[in-house]
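Here's the structure we're looking at; comments come further down.
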Amino acid sequence: MPLTYEFAAPRRIVFGSGKRRELGKLVADLGDRAFVIVGSRTLMASGEIGELLTLLQTARVDAILLDTISREPLVTDVNRVAGLLKQQGPRAGDVVIAIGGGSAIDLAKAVVAVAAHPESEGIVDFLEGVGRGVAVTRETLPVVAVPTTAGTGSEATRNAVISSYEPTFKKSIRSERLLPKLVVVDPELALSLPPAVTAATGMDAITQLIESAVSRRRAPIPMALALSGLSGAVAALRVAFLDGSNLAARETMAHAALLSGMALANSGLGLAHGVAAALGVHAQVSHGLACAVMLPVAMRFNLTTCETEFAQIGEALSGREWPTRRAAAEAGLSTIEGLLFDLRISRRLRDLGVTEEQIPQLARDSKGNSLSGNPRDVSEGELCELLAAMW
Ligand SMILES: [Fe+2]
């Protein structure tokens, strides 16, 4: 087979504890007016946002607080915030800064896309599988991503996941133009995350690293990123869960999450993410928790299809060599099972509020972009069986 691939990533990544204090001059390199989207009210109350606005003003960047979002973004959120942006008369020299988890960063990406296409009727036009298939053909305002949760990797991806409850869906807008132009990862921002959020978001990153390494569209650079991100991530997540103030553990997880975003954006995902989208929209299970629950099931289902890759993953996760590929692959799976136990994450769907009657609907709505990357074909019937067994 000839070696051929493409790889796209954010234009500039600045990583390190305390680096948020350089945001003023970093943003000033991109523009002179910044619209800020904040990912939670807690973050607003923490004083971090006030400091950010001061940093921007000191660097002669006009700063305007656009919105705060405390949930995964809905179609209505995107259209409302895009309306707010349009009222400001976007112009060259504007940037949109998203500081928060994946929700804030996804909202920013979706908003700049809608704002760049005033003729569109809103975000639904752009969403895969539900909209009119409108492409992002114009250059958008640059997005600056400042992740605070060490999980989704959205700071390094070209898609935004948008949900709707009427009708019910969770779909992506996707375009190379939505890749953030600047990413500033400051692991100190995650120091105050509560243990349950640390666990769920960390499991999202680990799931992304594993799924991108075995995806049907797997490629050399994402594989290298995945193995690098996985080594050390399990130990670091355990420490960060037990002692949120451990900066070294927060650094390892922030780095793993960033790599997971770069990996998935260039390889695709699989079964766990396919079902996670359906669990989110039908049972309101948070994305990270849904990934965590699905990960061991997806690994078991795919194990024999990608034994070589799973053996490499097993060695990265367990930190040692094994006599056979199968033993290494199994070691990876049992490391993940042990991690879920330590993070006190239930592996039963009923504990997440899923009813048995929802299973056929979940199986039906799991199909989509992520599932199409799964290395082994999975039918709706097989999905029903897998979900019933974990109910
Ligand atoms: Fe994810």
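The values are calculated or read from the model by the stated rules, or taken from the named source; none is laboratory data. Since the structure is predicted, the reported quantities are computational estimates derived from the model, not experimental observations. Ideal geometry is used to build each Cβ from the backbone, glycine not excepted, and the neighbour counts take in all protein chains shown. SASA here: full protein model, heavy atoms, side chains in, ligands and nucleic acids out. Shrake-Rupley method; radii C 1.70, N 1.55, O 1.52, S 1.80 Å.
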_segment 346-391: number of residues that are open to solvent by less than 20 Å² (accessible area, probe 1.4 Å), in a loop (DSSP other than H, G, I, E, B) and among the β-branched types (Val, Ile, Thr)_ = 1
*asked:* I'm trying to understand the selection: among the residues of segment 220-263, which are hydroxyl-bearing (Ser, Thr, Tyr) and assigned to a loop (DSSP other than H, G, I, E, B)?
replied: 231, 245
*Within segment 87-120, can you find the residues that are out of contact with any Pro (no Cβ under 7 Å at 6 or more places or on another chain) and charged (D, E, K, R)?*
91, 94, 109, 119
*Any idea which residue in segment 153-177 is modelled with the lowest pLDDT, counting only those that are touching a Ser or Thr at 6+ places or on another chain (Cβ under 7 Å) and within 16 Å of the ligand (Cβ to nearest atom)?*
170
*Within segment 136-150, how many residues are open to solvent by 60 Å² or more (accessible area, probe 1.4 Å) and small (Gly, Ala, Ser)?*
0
*Which pairs have Cβ atoms under 7 Å, sit 6 or more apart or on different chains, and link a residue in segment 280-309 that is of a type in the set (Ser, Thr, Tyr) to one that is assigned to a helix (DSSP H, G or I)?*
286/200; 308/325
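Count, please, the residues in segment 267-326 that happen to be part of a loop (DSSP other than H, G, I, E, B), small (Gly, Ala, Ser) and open to solvent by 30 Å² or more (accessible area, probe 1.4 Å).
2
Matching residues to (1) at pLDDT 95 or above; (2) within 27 Å of residue 283 (Cα to Cα); (3) out of contact with any strand residue (DSSP E or B) (no Cβ under 6 Å at 6 or more places or on another chain); (4) not assigned by TED's automatic domain parsing to the domain that holds residue 165:
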| residue | (1), (2), (3), (4) |
| --- | --- |
| 63 | yes, no, no, no |
| 68 | no, yes, no, no |
| 71 | no, yes, yes, no |
| 76 | yes, yes, yes, no |
| 79 | yes, yes, yes, no |
| 82 | yes, no, yes, no |
| 97 | yes, no, no, no |
*Lone qualifier among 129, 133, 153 - being at positive phi and open to solvent by less than 10 Å² (accessible area, probe 1.4 Å)*: 153
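Considering each residue of segment 175-185, count those that are in contact with a Leu (Cβ under 9 Å, 6 or more places away or on another chain) and of a type outside the set (A, V, I, L, M, F, W, C), and give that number.
Final tally of qualifying residues: 1.
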*Of all residues in segment 235-265, which are more than 15 Å from the ligand (Cβ to nearest atom) and farther than 19 Å from residue 148 by Cα?*
235
*Which of the residues belonging to segment 7-53 are open to solvent by 100 Å² or more (accessible area, probe 1.4 Å) and at pLDDT below 95?*
41, 42
*Just to be sure, is residue 329 closer than 20 Å to residue 233 by Cα, buried (at least 22 other Cβ atoms within 10 Å of the Cβ) and touching an Asp or Glu at 6+ places or on another chain (Cβ under 9 Å)?*
yes
_Of the conditions (1) away from the ligand (no atom under 13 Å from the Cβ); (2) part of a helix (DSSP H, G or I); (3) under 19 Å from residue 369 (Cα atoms), residue 217 satisfies every one except a single condition; which number is it?_
(2)
*If you check 72, 121, which single one turns out to be open to solvent by 10 Å² or more (accessible area, probe 1.4 Å), farther than 17 Å from residue 163 by Cβ and not polar (S, T, N, Q)?*
121
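Among 201, 168, 137, which is the only one that is in the same structural domain as residue 254 (by TED's automatic domain parsing) and either within 30 Å of residue 94 (Cβ to Cβ) or not aromatic (Phe, Trp, Tyr) (or both)?
The conditions single out 201.
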